[in-house]
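Report on the structure given below.
The values are calculated or read from the model by the stated rules, or taken from the named source; none is laboratory data. In this text, all values refer to a predicted model and were calculated from it rather than measured experimentally. Every residue, glycine among them, receives a Cβ derived from its backbone with ideal geometry; neighbour counts consider all protein chains shown.
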Amino acid sequence: MSKLKKFWNFIATSAQNAERELFFNGEIAEETWWGDEVTPKMFRDELEAGSGPITVWINSPGGDCIAASQIYTMLIDYKGTVTVKINGLAASAASVIAMAGDKVLMSPTAMMMIHNPLTIAMGDSEEMQKAIDLLAETKESIINAYEIKTGLSRTRIAHLMDAETWMSAGKAVELGFADEILARSPQETEENITSDFTFSRRAVTNSLMGKLISKRPAPPEKEPEKNRSTEPLYKRLDLLKF
C-alpha cells in the first residue's frame, strides 16, 4: 500500500483506445515520491491501461519535484497524443508537468507560474553549500523541460524563474509555455486577451516555506560531535519543493 494518497484521477470510457481524461487538482504529492516504489508504479499502470489520446486537466499550485519529473517523463514517453488544458493554475511543479503536452491550452482566466526550487537546510557552512548546489542542479533540470517546450534560451528562462514569473494565458502563449487559449468562438483569440505579467513572490514563498517548516522534524536533544555526518540525500529530497 502506498504511503501517499492519490493526487490524480483518470476518467476513461469503456471503448478501447478511446480518449481519456487525467485530472490534477491540488498539490502534486503532499509528500515526496523519493523512495516510494508504489505510487509512481500505480500512476504508470493507470497511464498505460490505455493507448488512446489523453487530455490532462491541471489546476495545481505545484509540489514535489521528484513526482513532477517522473510524471513529465511518463507523459512524454506515452505513445498516444497528450493534450494539456490548464483551467485554473499551473504553478511550480505543475508547470513542469504541463510542458509534457503535445499541445498546451490555457483557459482565458488561467495562470501559469514558474520560479526557483525551494528547500530547507540545517547545519554548518558545508551543509549550506551542499543545499545550494542541490538547488542549482535542480533548477537546471527544470529549465530543460521549459527549454524544450518554449525554445527560449536557458538564460532567459533562468531570469524568469529568478523573478518568480506569473503568466496570463496570453503571455504564456507569447513566450511559448502554451500553444493556444481555450476559446468559445473564433472571435476569442489570443489578441483579445491581456498578456500582462503579475508578480507576487512574497505571498507564494511565505506559503510554501510555511508548509515546509511545519513538516521539518524536531532536532535531536543531543548529537555527539563524532556523529555530525552529511544529511542523507533522501532527507534533502524530502524537503525539496518547487
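The residue that is surrounded by the most Cβ atoms within 10 Å (Cβ to Cβ), among those in the stretch 30-73 that are in a strand (DSSP E or B) and of a type in the set (Ser, Thr, Tyr), is SER60.
Scanning the stretch 103-132 for residues that are out of contact with any strand residue (DSSP E or B) (no Cβ under 7 Å at 6 or more places or on another chain) and charged (D, E, K, R) gives ASP124, GLU126, GLU127, LYS130. Within the stretch 32-52, being touching a strand residue (DSSP E or B) at 6+ places or on another chain (Cβ under 7 Å) and either modelled with pLDDT of 90 or more or within 21 Å of LEU118 (Cα to Cα) (or both) holds for THR32, TRP33, PHE43, GLU46, GLY52. Where helices (runs of 4 or more DSSP H) fall wholly inside the stretch 82-188, the ranges with 1 or more residues that are modelled with pLDDT of 95 or more and over 27 Å from ALA29 (Cβ atoms) are 154-162, 169-175.
Right, ALA12: within 18 Å of LEU75 (Cβ to Cβ), at pLDDT 75 or above, in contact with a Lys or Arg (Cβ under 7 Å, 6 or more places away or on another chain) and small (Gly, Ala, Ser) or not? Here the answer is yes, as ALA12 does meet what is asked. Among the conditions (1) surrounded by fewer than 17 Cβ atoms within 10 Å (Cβ to Cβ); (2) at pLDDT 95 or above; (3) more than 22 Å from LEU175 (Cα to Cα), the only one that ILE76 does not satisfy is (3).
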